[in-house]
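One structure below.
The values are calculated or read from the model by the stated rules, or taken from the named source; none is laboratory data. The structure displayed is predicted, hence computed values, not measured ones. Cβ placement follows ideal geometry from the backbone for every residue including glycine, while neighbour counts extend to all protein chains displayed. In case anyone asks, the SASA skips ligands and DNA or RNA and just uses the protein heavy atoms, side chains included. Shrake-Rupley method; radii C 1.70, N 1.55, O 1.52, S 1.80 Å.
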There are 2 protein chains.
Amino acid sequence: MAQRNILQFIILGLVTDQPRTGYELTKAFDNDIGEFWSAQHSQIYPQLKTLEAKGWLTHTEEITGEKLNRKRYAATKSGKAALNDWLTAASEPVSGAKDEFVLKLYFIHDQTDARLKPMLTTQLIWHEQRRDHLRKQLATKFPNGADALDFGHFLILEHALHREEEYCQWLQAALAQLPGGMTN
Amino acid sequence: MAQRNILQFIILGLVTDQPRTGYELTKAFDNDIGEFWSAQHSQIYPQLKTLEAKGWLTHTEEITGEKLNRKRYAATKSGKAALNDWLTAASEPVSGAKDEFVLKLYFIHDQTDARLKPMLTTQLIWHEQRRDHLRKQLATKFPNGADALDFGHFLILEHALHREEEYCQWLQAALAQLPGGMTN
DNA sequence: TGTGGCATGTAACTAGTTACATGATTGC
DNA sequence: GCAATCATGTAACTAGTTACATGCCACA
């Protein structure tokens, strides 16, 4: 995690698509891209300053009402070049996607352990909700399947959904293997 | 990432299964649990000291040959209690499993973008290797399917494999949707 | 007039990575 | 004698989280 600073390229990518404020960038992590990266505003605002100092971003001030002003950031030419460099560089495939719950399971050795059923059930409920939510998102945003002009977005939403589907199937299969099987 | 300190519980779990040295703990992250968590020895050795200071671990010294000695750590009673507390506590399901490659895709809007094919192909090769490796692992470690006495381990290996299978299928489907489809 | 959302920032801290550093053992 | 692996540690740094802090705007 140290050192790569991937966040800066995500910000660069987002403001290249359309100029945004820090607040809007923060919100972006609540939506689709939040499936694959997260960041708080306390990390985003300082990063915007750093990127502007690097000359990769510029901002213009906007005023709403009497006083409220926000800074809308856009990528400079060199910022766009940096984004392109990142996109075309080889990405080491992610190896250790961290998952606390799965680790817990690893330490439960006995198939008859009473803790298994509630643990698996709780996770299943959560991931089913997430799966259903993603299904709706996909149906809403891409009602006709792949969009040739927003293809990457379509792909990652599909991937997020399939990932949740796999998670649910795995948990269901695990529950079915518990003593008593699907009947308890 | 700040604050939860999940690593301490993983160490606690590993040494509870069997007493281990710092070196052995480091190696453990190269195997199955590395699919869901990673840690370097520079993080593990200080953590072992902290856990011993907390009274959750104790160590005994072993000597190999003339001088080389290693510290073998075991969980104390309170360490085992802390492990159990962690295992039984509700785990917030993981939300943002970070994946740099997927984020890059998000910023490629045009289905005809020439960068797509090499990007997807490179990833596919990597994940196919990982998938094949996991298949072999599963077949070697659990030739008869689920093991009632190492059930958690079996479950997480299965999950790791299914996850890679999903990843490969998704990448293959993405490649097939590229202009020219499966023929180029 | 008050609540929820818009908007921006800083401070203090923890987790995790990379690099530095040293030495012993095993086997060829 | 040399290389690979076993074995343990520290230092310097970056990334990311949580909490603190402030103020405006729209709407009911």
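In region A:10-25, the count of residues that are of a type in the set (A, V, I, L, M, F, W, C), within 12 Å of DNA strand D (Cβ to nearest atom) and either under 16 Å from the mean Cα position of the chain (by Cα) or surrounded by 13 or more Cβ atoms within 10 Å (Cβ to Cβ) (or both) is one or more.
The requirement of being loosely packed, with under 13 Cβ neighbours inside 10 Å and either within 14 Å of DNA strand C (Cβ to nearest atom) or among the aromatic types (Phe, Trp, Tyr) (or both) is satisfied by B:Ala53. Within region B:77-101, being open to solvent by 10 Å² or more (accessible area, probe 1.4 Å), assigned to a helix (DSSP H, G or I) and under 30 Å from A:Asn5 (Cα atoms) holds for one residue alone: B:Glu100. Among what's in region B:112-144 and is in contact with a helix residue (DSSP H, G or I) (Cβ under 8 Å, 6 or more places away or on another chain) and exposed (fewer than 15 other Cβ atoms within 10 Å of the Cβ), pick the residue that is nearest to B:Asp17 (Cα to Cα). Ranking the candidates gives B:Lys141 first. Within region B:132-148, residues that are in the same structural domain as B:Cys168 (by TED's automatic domain parsing) reach no partner that is in a loop (DSSP other than H, G, I, E, B) and of a type in the set (A, V, I, L, M, F, W, C) with beta carbons closer than 8 Å at six or more positions or on different chains.
Scanning region A:40-97 for residues that are more than 16 Å from DNA strand D (Cβ to nearest atom), among the small types (Gly, Ala, Ser) and without any contact (Cβ under 8 Å) to a residue 40 or more places away in the chain turns up A:Gly55, A:Ser78, A:Ala81, A:Ala90. With respect to the conditions (1) open to solvent by less than 20 Å² (accessible area, probe 1.4 Å); (2) among the charged types (D, E, K, R); (3) more than 16 Å from DNA strand D (Cβ to nearest atom); (4) in the same structural domain as B:Leu178 (by TED's automatic domain parsing), B:Lys104 falls short on a single one, namely (3).
When the helices (runs of 4 or more DSSP H) confined to region A:1-67 are screened for residues that are away from every other protein chain (no Cβ under 14 Å) and at pLDDT 95 or above, those reaching at least 3 such residues are found at A:22-28, A:41-53.
Just to verify a result, which residue in region B:149-184, among those that are modelled with pLDDT under 95 and part of a loop (DSSP other than H, G, I, E, B), is farthest from the other protein chains (Cβ to nearest Cβ)? Here the answer is B:Asn184.
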